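The values are calculated or read from the model by the stated rules, or taken from the named source; none is laboratory data. Values in this document were obtained by computation on a predicted structure and should not be read as measured data. We place every Cβ from the backbone using ideal geometry, glycine too, and count neighbours over all the protein chains shown.
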Amino acid sequence: MPEKKAVVVIVGGGFGGLAAARVLKHAPVKVVLIDKVNHHLFQPLLYQVATSVLAPGQIASPIRGILQDSSNTTVVLGTVTGVDIAAKQVMVNNQDRTDVRVSYDYLILATGQTHSYFGHNEYEKYAPGLKNLADAVAIRNKILTAFEIAEAEEDPSRYKDLLTFVLVGAGPTGVEMASAIAVLIQSTMKSEFRRIDPNSARIVLIDMAPRPLGSFAPDLSQASLDRMKKLGVEVMLGKGVDSIDGEGVMVAGERIASKTVIWTAGVAPSPAGQWLNTDTDRTGRVKVRHDLSVQDHPEIFVVGDTASLEQDGRPLPGVAQVAMQQGRYVGKLIERRVTGKSAPRPFRYFDKGNLAVVGKGFAILQSGKIRMSGFLAWLVWAAIHLQFLAQSSLRVSVLVQWVWTYFTGQRGSRLIVKHHVD
Ligand SMILES: Cc1cc2nc3c(=O)[nH]c(=O)nc-3n(C[C@H](O)[C@H](O)[C@H](O)COP(=O)(O)OP(=O)(O)OC[C@H]3O[C@@H](n4cnc5c(N)ncnc54)[C@H](O)[C@@H]3O)c2cc1C
């Protein structure tokens, strides 16, 4: 009788889960990859969908299409709701059934993060965050609709709050979004309206921190600040948001009237820590050991944004490279285990560097001792992002779109599309 193959269940087809599945393609195991959406999403370019540069289909691909050559892998569309550690099963809600149990010999949790409103969930209604394609399309609708309402308005005094865009959080997403909205207005919309002047729009970026892009060196933060000022973005630093409602935001006692507030501040991990009932860090990420397994459970691994691991005394950041390297590491570890080979060395993250875009043709780059800002850094940013898109068809499509947009100002998808709720 043929030997029964070990079953590896991977929850999440993002950067970490997909990297693990790819490594396990030739391993003598059965892989079941479960995701609540049918596509792998390239989150670093979400802001370009929100600001109409790219269409949703240019930054996401069906997971089963990406893994079509992995004959040992079954892709399941479903939402995992918990883990029964004793029975070695995960509980899944599918489209038509609830609480379906899927058994595993090895479990990889790669469920990423979601928004955190720091205890103010009531803000979500007025200030959507950017995490998935639906968020990006909703924000795109909101930005474009604001211009349409203003153009249709006879009373010019009402334009002010309609054409004021407030972003809360000056990390990479806030800076990239704020600058991209400025470019959208200045290079694409400027000559299309008759009653309003799109250039009169106000873009305000707010953060408690003393400088934007705090994970970069201070001189690069300053370069991004100078660039945003050139683009006309008002950056308010060292100021916290007191409240957000349907009329705008209160910042340090001052009201900024706005119909478009976007949340680009906090993130919170998936509930993997609760499912496993195990140790988490103060943000809720699962503390993993140096082989990325969970304490007392060598068969359960957590990777990517939902895992917490320190290296050289500092926590690893929630970035795509960490998730991919961790996913690959766990895939290799499992392959070695099932083939009777020795365990690999503890996981070590290799930091290739950090990049952020600040408007058209300008990025900042920090890699080891190398620091760069400007057009060359932007070319490096573009090359790296193209390389990491999941499929070659997306790389070609995005490259063509970027070149077209760069020279013509025309966008990939400037449509207001309201989807029906199923
Ligand atoms: C707007 C934005 C911009 C970013 N920009 C950059 C950048 O420029 N550079 C960079 O390095 N990083 C960037 N990041 C961070 C980067 O995207 C993450 O670090 C990376 O995606 C983490 O990979 P992951 O595999 O842990 O999670 P994800 O890639 O988020 O994947 C998680 C997967 O799990 C699935 N899932 C979640 N819960 C369940 C469940 N209960 N059941 C089934 N499936 C589930 C989700 O649908 C998703 O497919 C950005 C993130 C965002 C949101």
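On the given criteria, is ALA170 surrounded by 14 or more Cβ atoms within 10 Å (Cβ to Cβ) and touching a strand residue (DSSP E or B) at 6+ places or on another chain (Cβ under 6 Å)?
The answer is yes for ALA170.
THR111 versus (1) assigned to a helix (DSSP H, G or I); (2) at pLDDT 95 or above: which is the lone unmet condition?
Unmet condition: (1).
Any residue at all in the range 361-381 that's part of a loop (DSSP other than H, G, I, E, B) and either surrounded by 14 or more Cβ atoms within 10 Å (Cβ to Cβ) or acidic (Asp, Glu) (or both)?
yes
Quick test for you: out of ALA363, ALA377, ALA307, pick the one residue that is under 17 Å from the mean Cα position of the chain (by Cα) and small (Gly, Ala, Ser).
Answer to the selection: ALA307.
If I filter the range 199-228 down to residues being of a type in the set (D, E, K, R) and under 30 Å from GLU151 (Cα atoms), which single residue comes out as surrounded by the most Cβ atoms within 10 Å (Cβ to Cβ)?
Once the filter is applied, the top-ranked residue is ARG227.
Step by step: first the residues of the range 145-155, then only those that are in a helix (DSSP H, G or I) and surrounded by fewer than 18 Cβ atoms within 10 Å (Cβ to Cβ), then the one that is farthest from the chain's Cα centre (by Cα). Which residue is that?
Filtering the range 145-155 for residues that are in a helix (DSSP H, G or I) and surrounded by fewer than 18 Cβ atoms within 10 Å (Cβ to Cβ), the one farthest from the chain's Cα centre (by Cα) comes out as ALA152.
Please count how many residues of the range 287-300 are away from the ligand (no atom under 13 Å from the Cβ) and surrounded by 15 or more Cβ atoms within 10 Å (Cβ to Cβ).
8
Please state which of the following conditions GLU151 fails to meet, knowing it meets all the rest: (1) within 13 Å of the ligand (Cβ to nearest atom); (2) free of Cβ contacts under 8 Å to residues at least 60 places away in the same chain; (3) in contact with a Phe, Trp or Tyr (Cβ under 6 Å, 6 or more places away or on another chain).
Only one criterion in (1) within 13 Å of the ligand (Cβ to nearest atom); (2) free of Cβ contacts under 8 Å to residues at least 60 places away in the same chain; (3) in contact with a Phe, Trp or Tyr (Cβ under 6 Å, 6 or more places away or on another chain) is unmet by GLU151, namely (1).
Which of the numbered conditions does GLN326 fail, given that it passes all the others? Conditions: (1) in contact with a Ser or Thr (Cβ under 7 Å, 6 or more places away or on another chain); (2) farther than 27 Å from ALA55 by Cα.
Condition (1) is where GLN326 drops out.
Say we look at the range 254-300 and pick out the residues that are in a loop (DSSP other than H, G, I, E, B) and of a type in the set (Gly, Ala, Ser); which of these is modelled with the highest pLDDT?
SER258
Can LYS25 be described as touching a strand residue (DSSP E or B) at 6+ places or on another chain (Cβ under 6 Å) and of a type in the set (Lys, Arg)?
Judged against the criteria, LYS25 is not a match.
If I filter the range 274-286 down to residues being over 21 Å from the mean Cα position of the chain (by Cα) and either buried (at least 16 other Cβ atoms within 10 Å of the Cβ) or under 20 Å from ARG336 (Cβ atoms) (or both), which single residue comes out as farthest from the ligand (Cβ to nearest atom)?
So, considering only residues that are over 21 Å from the mean Cα position of the chain (by Cα) and either buried (at least 16 other Cβ atoms within 10 Å of the Cβ) or under 20 Å from ARG336 (Cβ atoms) (or both), the one farthest from the ligand (Cβ to nearest atom) is THR278.
Looking for whichever is under 19 Å from ALA323 (Cα atoms) and in contact with an Asp or Glu (Cβ under 9 Å, 6 or more places away or on another chain) here; the options are LEU18, LEU24. Which one fits?
None of the other options fit; the residue is LEU24.
For residues that are part of a loop (DSSP other than H, G, I, E, B) and on the phi > 0 side of the Ramachandran plot, scanning just the range 301-322, find the one that is nearest to the ligand (Cβ to nearest atom).
Among those residues, the one meeting the criterion is ASP312.
Looking for something within 14 Å of the ligand (Cβ to nearest atom), closer than 30 Å to HIS297 by Cα and assigned to a loop (DSSP other than H, G, I, E, B) - is there at least one such residue anywhere in the range 124-133?
No, that holds for no residue.
It is to be established whether one or more residues within the range 50-58 are more than 9 Å from the ligand (Cβ to nearest atom), under 21 Å from GLN325 (Cα atoms) and not aromatic (Phe, Trp, Tyr).
no
Suppose we filter LEU225, LEU213 for residues that are at positive phi and either touching a helix residue (DSSP H, G or I) at 6+ places or on another chain (Cβ under 7 Å) or not in a strand (DSSP E or B) (or both); which single one remains?
Checking each option against the conditions leaves just LEU213.
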